[in-house]
Amino acid sequence: MPDTLKELEAQARSLSPEERARLAESLLESLREAPVAEIEKAWGAEIAERVAACDRGELPTFTAESVFAEARRLSR
């Protein structure tokens, strides 16, 4: 373990239990942020591709009337 990490760990252990809990939550949240950003980026690319495919006429489209009629049919 690098010295700075050991020092940080020692400092963290000197915190009160409440402060350590807040620090742990914050560190865990920072680990979750990277995948969320990656997922959002991937969805952005997927949305852009779907819009482009729709604009090129490559995807089937449905009128609102037909969608609502199907929804009513399925809800019965």
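The values are calculated or read from the model by the stated rules, or taken from the named source; none is laboratory data. No experiment lies behind these values; they were computed from the predicted model shown. Reconstructed Cβ throughout: ideal geometry from the backbone, glycine too, with neighbour counts over all protein chains shown. To get the accessible areas, we keep the full protein, side chains included, count just its heavy atoms, and leave off ligands, DNA and RNA. Shrake-Rupley method; radii C 1.70, N 1.55, O 1.52, S 1.80 Å.
Here are a few things to note about the model shown:
- Enumeration of residues in the stretch 47-76 that are open to solvent by less than 70 Å² (accessible area, probe 1.4 Å) and not in a loop (DSSP other than H, G, I, E, B): Ala48, Ala52, Ala53, Cys54, Ala64, Ser66, Ala69, Ala71
- The set of residues in the stretch 24-46 being aliphatic (A, V, I, L, M), open to solvent by 70 Å² or more (accessible area, probe 1.4 Å) and under 30 Å from Gln11 (Cβ atoms) consists of Leu27, Leu28, Leu31, Val36.
- Selected residue [in contact with a Lys or Arg (Cβ under 8 Å, 6 or more places away or on another chain) and assigned to a helix (DSSP H, G or I)] from Arg20, Arg32: Arg20
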